[in-house]
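Asks: Questions regarding the structure given below will be posed in turn.
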Amino acid sequence: MKSLIKTIVVTIGVLALLVAGGYYFITQNAAGESAITKVAKEIAKHDDSETSAEQQTVAQDGEWNDKDADMKEVTLQIYMHQMTHQKIIATKKRGVIEMSPVNIESLLLIVQENADHYEHADFYESTLAKWQEGNFSNAVTVHNTIWDWHNGTIGRATGLMSAEQEQEFVEQHFR
């Protein structure tokens, strides 16, 4: 009799673990696309020459307002990720933001304003400081780091574009 009770308890325990594991798996995969993919698809709906209202805030020449300072960390990550698309080689790129001095400076100010609130503030600040100096050698690492944070599945960066490839990308997307 004790053996039967022990078997039932173990069976119920195993079933409970399987149900919990299944629930976890389904909820993780049901979330679907990563945050980057969702925002990138939304941005891709617009013509490349247009930007969303929030992007215009960052992209305007030298204009700085309090709304920028309240930028969520995930939004900053998406902007930085999309800026790397100007520099990196990847099979798929969704969303583009020009890696202009104004945009780099704006994001750096946002990071400095929110350093106490951003989990990866040091990463963003050191990245943007290098970009501000004209050093983009870290673009592949930055792209793939943010891509990993958002569980990216398509479009891992494999290298940096040549100057000619980047010029063609800029002409196609920003000019």
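Derivation of every value follows stated rules applied to the coordinates shown; laboratory data play no part. This is a predicted model, so every value here is computed, not measured. So basically every Cβ, Gly included, is an ideal-geometry build from the backbone, and we count neighbours across all protein chains shown.
Asks: Given H placed on each backbone N at 1.01 Å, which residues far from LEU160 in sequence or on other chains put an amide H within less than 5 Å of it?
Replies: Placed amide hydrogens put ILE89 under 5 Å from LEU160.
Asks: Mind sorting VAL140, VAL74 by how few other Cβ atoms lie within 10 Å of their own Cβ, fewest first?
Replies: VAL74, VAL140
Asks: Given the C-alpha atoms of the range 124-175, compute the convex hull and give its volume per residue in Å³.
Replies: With only Cα atoms used, the range 124-175 gives 104 Å³ per residue.
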